[in-house]
Amino acid sequence: MSSLPSNPEVPIILPKLGTAPVRLSIWFAEPGDRVYEGDRIVEVSAGGATFDVAAPATGRLATRLVIPRDELQHGQVLGFIAPEEAS
């Protein structure tokens, strides 16, 4: 019987923002930084407007998979958060 890791990384997923091309503007955290669920973690632009993507969990930013100016697709994984152990 296999078991899942007790604390798997949580993906940061780009939500659907319409049909305009979406580009990553800026990350608000560096890998290793502590982030809190609901805080803005990345900004993207689409059709001349900017949108914040919120952190889906509290923990540490583990990985960034995209860089500023990358063109993105809705549903794309932008990075991962390593949740912190509950105390």
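Read-outs throughout are calculated quantities, based only on the coordinates presented, and are distinct from any laboratory measurement. Here the structure is a predicted model, which is why all the values come from computation and not from measurement. Note: ideal-geometry Cβ built from the backbone for every residue, glycine included; neighbour counts use all protein chains shown.
Brief remarks on what is shown
- Cα-centre dipole for the chain with unit charges at Cβ (Lys and Arg positive, Asp and Glu negative), debye to 20: 240 debye
- For percent of Cα pairs over 22 Å apart, the value computed from the atomic coordinates appears in the list (1) 45; (2) 27; (3) 53 under label (2).
- Available extension along the chain between residue 36 and residue 77 is 13.0 nm, counting 0.36 nm per residue and deducting the alpha carbon span.
- Each residue of the range 15-28 is assigned a 3J(HN,Hα), and the resulting list reads x, 6, 10, x, 9, 5, x, 10, 10, 6, 8, 7, 8, 9 Hz, derived from the Karplus form 6.51 cos²θ - 1.76 cosθ + 1.60 (θ = phi - 60°), x at Gly and Pro.
- Virtual spin-label span in nm between residue 20 and residue 51, 7 Å along Cα→Cβ: 1.0 nm
- Of the residues 72, 29, 57, the one whose Cα sits farthest towards the positive end of the charge dipole of the range 10-87 is 72 (charges of +1 on Lys and Arg Cβ, -1 on Asp and Glu Cβ, taken about the Cα centre).
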